Amino acid sequence: MSEKRKYKKRFCKYCESKVDFMDYKEVGALRFSLSERYKIMPRRLTGNCKRHQDMITVVIKRARAAALVPYTVTRKQVITAPFENLR
Amino acid sequence: MRHYENLVIVKPTLTAEEIQNSINVIEEVIISNGGEIAARSAMGMRKLAYPINKSERGYFHVIYYSVAPSAISEIERRFRINEELLRFVTIKYDTNREIAAWEKMVEKALKGISKEPTAVEVAQAARASEEEE
């Protein structure tokens, strides 16, 4: 094989724990699919399946509207408060 | 009748009684439009992820209710007029899976009420802990 696999083979963590429904109010559970700048992590990096990725994107966007998760994080905020309000 | 959930954020500048009053007003809006409130849970005073109308904090309150779908636009219109509300989020629970989750959350909220103190007490406790800091 000329192209070596760069990452370990990924699997969907939500499938493994059989998640059926996600609640946007449980912010701690969303952290897995958020980058440190609160961007939604792509499927190719987290290994989520399509079904659960669709679920998590909706839930994260709801949490953003409810001011539980920020939309954007500027450089200043990154330094002062990394994941502070997610606890 | 369809199942809904509303999260409302009340202004942090109000006193505990005023917050309780405005939450009563909000629930009155839902009831007067034919809604049946199943459960409510107070998330209490929280830091907002980003400032809304220059306030950094807000009092979060969640109401689970069922109402005819046509009444939602009127409820949201009344919420928009209310100046004590920083933000509201209305979630619809439509599919069977979502309704099951809604019922589970209602059960959880009802259990929490018997244990957790009321909104006034939560606000006072939060204020007391702040003063200690």
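A short reminder: the numbers here are calculations on the coordinates, not readings from a lab. Only a predicted model underlies this, so the values are computations on that prediction, with no experimental measurement involved. Methodologically, a virtual Cβ is constructed for each residue, glycine included, from the backbone with ideal geometry; neighbour enumeration extends over all protein chains shown.
Observations on the model:
- Restraint check, B:Lys11/B:Lys108; A:Lys25/A:Lys61; A:Lys13/A:Lys76; B:Lys47/B:Lys111, Cα-Cα greater than 22 Å: B:Lys11/B:Lys108; A:Lys13/A:Lys76; B:Lys47/B:Lys111
- In a DSSP loop and with at most 11 other Cβ atoms within 10 Å, the GluC sites (Glu not before Pro) in region B:62-116 are B:Glu83.
- For region A:13-86, averaging the sequence separation of C-alpha pairs within contact (under 8 Å, six or more residues apart) and dividing by the residue count gives a relative contact order of 39 percent.
- Here's the picture: a label point sits 7 Å out from the Cα of B:Lys111 along the beta-carbon direction, and within region B:87-101 the residues with their amide nitrogen under 18 Å of it are B:100-101.
- Taken as Cα centroids, region B:19-53 and region A:56-73 sit 19 Å apart, rounded to the nearest whole angstrom.
- Taking other C-beta atoms within 10 Å as the exposure proxy, B:Ser73, B:Ser22, B:Ser55 rank B:Ser73, B:Ser55, B:Ser22 from fewest upward.
- Summarising the amide proton neighbourhood of B:Leu86: residues at separation of 5 or more, or on other chains, whose placed amide H is nearer than 5 Å comprise B:Ile9, B:Val10, B:Lys11.
- Placing pseudo-labels 7 Å out from each Cα toward the beta carbon at B:Thr13 and A:Lys76 gives an inter-label distance of 2.2 nm.
- Cβ-Cβ distance of B:Asn53 and B:Arg97, R₀ of 35 Å, FRET efficiency by 1/(1 + (r/R0)^6): the value works out to about 0.45.
- Residue-wise HN-Hα coupling along region B:18-35, computed from phi with Karplus coefficients 6.51, -1.76, 1.60 (Hz; x: Gly, Pro): 5, 4, 4, 4, 5, 5, 4, 4, 4, 5, 4, 4, 5, 5, 5, 9, x, x
- Positive minus negative residues near B:Phe79 (Lys, Arg vs Asp, Glu; Cβ under 14 Å): -2
- Placing a label point 7 Å from the Cα of B:Glu74 along the Cα-to-Cβ direction, the residues of region B:5-48 whose backbone N falls under 14 Å of that point are B:28-36.
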